Every structure is written in C-alpha cells, then in structure tokens.
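Let me begin by presenting the structure, written as structure tokens, before commenting on it.
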Amino acid sequence: MLAVVAVVVVLVVVAFIVFGQTGAASKKSASTSSPSSSVSSSASQSSTSSAPPTTNPDSLPALDCAGPSYVVTDGGVSETALLSDPAGIAATYPGGVLSQIQAGCLANSTSGASVVIAFGPYPDGNAACAARQTLPGTSLKTLKGSATDGLSNLLCVCSYPAASLPKLSADASIGATSGWQVYDLAQFLADKGYLAKDEANRSEMAASVVAAVKEFQAAQGVTADGIVGPETWAKVTAAAGCG
C-alpha cells in the first residue's frame, strides 16, 4: 500500500514540474513577442502620420485664360512639389498663388490641366514684365490671356527697344551668357519651331540655343554667328509681333 502511495506522489510531483515549466516558457514567449508587435504597430502609425498632406488640384483657383489678363508663373517647380508642400511654397514665393491652368487653356498645347505658382494679374504686359524682374524664381514666364487664343507667352523683350537689349553670346567675352533675356529668347525660338519644346525653359546660351539662333538668323538674312545683337533682336521682336 505504501509503495502505491509513493508512486502516486512521484507522478504528481513530476506532472507539476513539467506543466510549470511549459507555462513559464509560454509566458516568456508571449513577453518576448509583445515588444515586436508594439514596435511594428508604432512603425505603422509613424509611417501613416509622416505622410505629407497633398492639395487637391481641383480645389485651386483657375487662371483666367480668356483674358485680357497678364500673369507671371514659375515653371521651374514640379507639380508634385507644389501640391505636397503648400506652406513651403507660400514661404518661398510671397505673394504667389497656387493655381491651376485648366486643360485647353494654354495656346498651341494639347496638354491636360497643370498646377503653377502664379503672380498677378497685372493690368498690362509692361506691368507684368516689370514685376517679373523683382519676383523670386528661376524660370519665370509671363503669360497673356486672350478670348481667342487662351494663355500664350508674352515676351518681355517686347517691352524694351531692341537697341537696349543686351548682346547675348555663348562667349562671355562677347556678351551675356545667361539671364531672363535668354529665357525669353529660348521661349520665342521654341514657339517658332527653331528650338525643341523641352529646351524652351533654358536661361543660358547653351549649344542648343546657339544652334537655334543661327538657324533663325539664316532664315532672316542676318549673319548666322549665334550672337544676338541689335540686328538680331530687331528680327526677334518683329517676328514675335511686338508692337
């Protein structure tokens, strides 16, 4: 009888030890995996909260392309940057308004709606061009609205006598190699088909611009040397319809 009791006691003790260790291991496992779940949850929340806010383009004011209106826009900032950081854009471009150029609004363009930072409107082209010289930005473009043509490039070189415009050249010893006048020239050459559209936003006398100038000069009966002086400027302003 005593032997039976002893066997039962041993079995109970063994079972207690085995189940006790299993429970402890289970608790330890749960304790170990819990921080991982917590970190994963925190990372997920952090990722969600750090996503930048995005402005809906359709909520922006539309530029008046039916005119008559004159505005200055900066084409040097991507649409993604404009929409994802409106506060930063406002600080960089004081007085500028985040706006939308609606599809079909740009003359000679089949592109869809686009987002720009715009200044104005101004009462006339001269006022827009004068403002352009003082506004922040590296790729400022002056646009004019028209009921028949929509928004089209307004060349600020038209606001000045050809003789007062600087001589432009790829050689700095001959003339200016960069500036808003070069940008206007590139826009003009692209509009007239002498320069590729993706080269139109240049503000320096790059090889592509010089080549386009030579082609234009040859077509106009001017010495095709790639240097833009009073004679070439006169041809540019005449061909641009400056009046």
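Hey, does the stretch 65-78 have a residue that's of a type in the set (D, E, K, R), more than 24 Å from A127 (Cα to Cα) and either part of a helix (DSSP H, G or I) or touching a residue at least 60 places away in the same chain (Cβ under 8 Å) (or both)? So far as the stretch 65-78 goes, no, none of its residues is of a type in the set (D, E, K, R), more than 24 Å from A127 (Cα to Cα) and either part of a helix (DSSP H, G or I) or touching a residue at least 60 places away in the same chain (Cβ under 8 Å) (or both). Of all the criteria given as (1) within 19 Å of P230 (Cβ to Cβ); (2) outside the structural domain of V228 (by TED's automatic domain parsing); (3) of a type in the set (K, R), the one not satisfied by K167 is (2).
Against the definition (modelled with pLDDT under 85 and part of a strand (DSSP E or B)), how does T110 come out, yes or no? In short, no. Within the stretch 220-243, if we keep just the residues that are farther than 15 Å from V182 by Cα, touching a Lys or Arg at 6+ places or on another chain (Cβ under 8 Å) and not in a loop (DSSP other than H, G, I, E, B), the residue that is modelled with the lowest pLDDT turns out to be A239. Within the set K167, K192, the sole residue that is out of contact with any Pro (no Cβ under 9 Å at 6 or more places or on another chain) and basic (K, R) turns out to be K192. When L195, L185 are screened for being surrounded by 16 or more Cβ atoms within 10 Å (Cβ to Cβ) and part of a loop (DSSP other than H, G, I, E, B), only L195 passes.
The residues on offer are S178, S152, S146, S173, and the sole one that is surrounded by fewer than 19 Cβ atoms within 10 Å (Cβ to Cβ) and either without any contact (Cβ under 8 Å) to a residue 24 or more places away in the chain or β-branched (V, I, T) (or both) is S173. A113: hydrophobic (A, V, I, L, M, F, W, C) and either closer than 14 Å to V71 by Cα or exposed (fewer than 15 other Cβ atoms within 10 Å of the Cβ) (or both), yes or no? No; evaluated as a whole, the condition is false for this residue.
Scanning the stretch 158-170 for residues that are touching a residue at least 40 places away in the same chain (Cβ under 8 Å) and part of a loop (DSSP other than H, G, I, E, B), which turns out nearest to Q133 (Cα to Cα)? Spell out the reasoning first.
Within the stretch 158-170, the subset touching a residue at least 40 places away in the same chain (Cβ under 8 Å) is 158, 162-163, 165, 167-170.
If we keep only those that are part of a loop (DSSP other than H, G, I, E, B) as well, we get 165, 167, 169-170.
Details: L165: 14, K167: 18, S169: 21, A170: 22 Å.
Among them, the one singled out is L165.
The values are calculated or read from the model by the stated rules, or taken from the named source; none is laboratory data. Note that the coordinates shown come from a computational prediction; the quantities given were computed from them, not determined experimentally. Glycine gets a Cβ as well: all are built from the backbone with ideal geometry, and neighbour counts include every protein chain shown.
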